[in-house]
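Okay, structure first, notes after.
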Amino acid sequence: MCGIVGYVGKKDSVEILLNSLAKLEYRGYDSAGIAVFDEGKIVVEKTKGRLADLGEKLEKTYRPKGTCGIGHTRWATHGEPSDINSHPHGNEKITVVHNGIIENYNKIKTFLVEKGYVFESETDTETVAKLLDYYYNGNPFETIVKVLKEIEGSYGLGIMFADFPEKIFAVRKDSPLIVGVGEGENFIASDVPAILKYTRNYYLIEQNEIVTLSKDEVVIQDIHGDIIKKELKVADWDEESAEKGGFEHFMLKEIHEQPTALKTTIMPRVLNGMPFLEECGITTDMLKLYNKIFIVACGTAMHAGMVGKYLIERIARVDVTVDIASEFRYRNPIISSKDLVILISQSGETADTKAVLRLAKEHRATTLSIVNVKGSSIARESDFVIYTHAGPEISVASTKAYTVQLSIMYLLTFQLAYARGKITEEECREYTRKLVELPDIITDVLEIKDKCQYAASKLVNADSLLYIGRGLDYALSMEGSLKLKEISYIHSESYAAGELKHGTISLVTEHMPVIAVATQDDLFEKTISNVKEVKARGAYVLMICKENADYDNDAVDFVIKIPAADNIFMPIITAVPLQFIAYYTSVLKGCDVDKPRNLAKSVTVE
Ligand code: F6R
């Protein structure tokens, strides 16, 4: 997730680009850059760091003058945050800003290197800039169409051609793009907040529509060159709600971003239908070696690790220990150089997780981190890192970061199981195919929010509640319970359903609602027995199960049904209603959803 902007008009473009980018910093802030037509030439200024650093650099060095330019604020995916990897990319003839991931950039890069191109950065975007240069025939539209036919992945692109000063070209696929329409000035942007200071009128650009922007005209064409007429939309949000994409809270927005976050995390790691982690340095040979696997993390990230343990042990048949980082580091764990220690962290800065990483290195274990923030301490210090591509997560309660962590757990499990001969190539392909389908399933699951809102209305007056489940459902219910308690301040616990009768069931009364997560076919009957036990003690029972589940209506009070996928994929699907239930309970209680009391997004102290 990055932010792109563009301006063409009569005013100082630098000021407008910087103001607009400031409204997109929520999309990433590893580096920033602009390109401006300055006396007919493209002048690029960029730097690692935040937008303020770019502003300072412009004051100290050179502030381009001109009325047409493009800009970028980066959330690094390919290549560390650095000056050289910052956007724009290109040369004095063609310059590009990009939001998204070019999945086949390696193939294109190899092709261009053979043609004599020399690459400066580690980014996927530079391949687009150079491919445009390769195909350039004096006609920007035709050149862009040729490039679109070659590139795979997601993109929102802003492009300047030196031969066409005072014009900006733009196109998108699977990354957002809007065109702002003003009086004698026009804009492109990844999101509406970027333009609200200047205009409220905008067009929504659809897949592979190509935009040509000058100060007095907006031309939108399909790839055949046919002109597309569009309805001009009028933004009625204030600037703050616009940053939330029109959602009431960042948490709700981030729940809705999950299909895209999953796609951008999974797709670059699938090659010819098989998991492909080689780009992160993880080879099949290496996965054959380890004796034991430790997964260590905190909070939500640890819950992703719990799901990972069930998956790896079930499918790859490798012994996995999951632990909370603050416990693991002080329990003198038995780790050897033959073990793999996996650290999971959204921020990549959590103090206890970082300490475990260092401990694992002291024991000479191989360390692999699964991290969302590029270039963070944990990512830098690990032997291997697999980045999740969720984009910045602003709400303190983690949602999209959790589901993308799960998606990496699946890829790793499949590659591990295949490397160790526990599944055939055909089985591995089948699992991978099902994983690739998940983002679309999640899009459908987002539709059940009304049911979850109703469920929340039944929980809001409780002082305490229980989440129960078995197997993968238990691992997931830990996350459901944490989500609810951290943002609604209702006490809740997650229990293995079969363990209730060994003590905890004495708490169950009509005042203690129970949320039963029952998505695992092989364990369904067993869980239903436990559901009946709590129902018989007066609990209000809310059950989440597959749409085809067969159960006795009297055993439950309210049911949320979700699409029936393969058992192993149910945690990632079921996470969505659990997130919604927590969200709406918090809203109904009037809590500060995005900034719950006593919590911080990044926990850099022990
Ligand atoms: C809960 C939540 C926390 C984090 C935990 C670890 O919603 O977000 O439990 O998961 O503080 O943080 P990271 O993943 O940054 O290491």
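If you restrict to DSSP beta bridges whose two residues both lie in the chain, what percentage is antiparallel, to the nearest 5?
On the way: 59 of 99 bridges.
Counting DSSP beta bridges with both partners in the chain, the antiparallel share is about 60 percent.
Its Cα gyration tensor gives region 249-318 an equivalent ellipsoid. The semi-axes, each the square root of 5 times an eigenvalue, are 26, 19, 10 Å from largest down. If you wrap the tightest convex hull around every Cα atom of region 447-589 and split its volume per residue, you get 90 Å³. Dividing the Cα radius of gyration of region 513-600 by 2.2 N^0.38 Å, with N the residue count, gives 1.23. Applying both filters, DSSP loop and at most 15 other Cβ atoms within 10 Å, to the trypsin sites (Lys or Arg not before Pro) of region 1-109 gives LYS10, LYS11, LYS65, LYS93.
Sorted largest first, the spans of the alpha carbon positions of the chain along the three principal axes are 78, 53, 45 Å. Given the pairs LYS23/LYS601; LYS149/LYS374; LYS41/LYS109; LYS244/LYS546, which are separated by over 24 angstrom at their Cα positions? Those over the limit are LYS149/LYS374; LYS41/LYS109; LYS244/LYS546. Once the convex hull of all Cα atoms in region 414-458 is built, its volume per residue stands at 89 Å³. Legend: ranking of residues HIS491, HIS224, HIS256 from fewest to most surrounding C-beta atoms inside 10 Å; resulting order HIS224, HIS491, HIS256.
Here the residues CYS280, CYS298, ranked from fewest to most Cβ neighbours within 10 Å of their Cβ, fall in the order CYS280, CYS298. Against the chain, whose longest principal axis comes from its Cα atoms, helix 425-445 is set at around 80 degrees. To the nearest ten degrees, helix 13-22 and the longest principal axis of the Cα atoms of the chain are 0 degrees apart.
Per-residue Karplus couplings for region 561-577, computed as 6.51 cos²θ - 1.76 cosθ + 1.60 with θ equal to phi - 60°, are listed in order as 9, 10, x, 8, 10, 3, 3, 5, 8, 5, x, 5, 6, 6, 4, 5, x Hz, Gly and Pro entered as x.
Our summary of shape: the Cα atoms of region 3-243 have principal axis extents of 49, 45, 34 Å, ordered from largest down, in whole angstrom.
The mean sequence distance of close C-alpha pairs (under 8 Å, at least 6 residues apart), as a share of the length of the chain, puts its relative contact order at 11 percent.
Per the Debye formula on identical point scatterers at the alpha carbon atoms of region 415-509, with no solvent, log10 I(q)/I(0) at q = 0.10, 0.11, 0.15, 0.16 Å⁻¹ is -0.45, -0.53, -0.82, -0.88.
Between the helical axis of 524-536 and the longest alpha-carbon principal axis of the chain there is an angle of about 70 degrees. The trypsin sites (Lys or Arg not before Pro) of region 498-606 that DSSP puts in a loop, and whose beta carbon has at most 12 other beta carbons within 10 Å, are ARG597. Projected onto its three principal axes, the C-alpha set of region 292-339 covers 30, 27, 11 Å, listed from the longest axis down. Cut-off under 18 Å on the C-alpha distance; same-chain residues fewer than 8 positions from LYS57 excluded. Which aspartates and glutamates are left, in chain and number order? Output for LYS57: ASP12, GLU15, GLU25, ASP30, ASP38, GLU45, ASP83.
No value in this document is a laboratory result; all are computed from the given coordinates. If you're wondering where the values come from, they're calculated on a predicted model, not measured in any experiment. Neighbour counts are summed over all protein chains in view; Cβ atoms, including those assigned to glycine, are modelled from backbone coordinates with ideal geometry.
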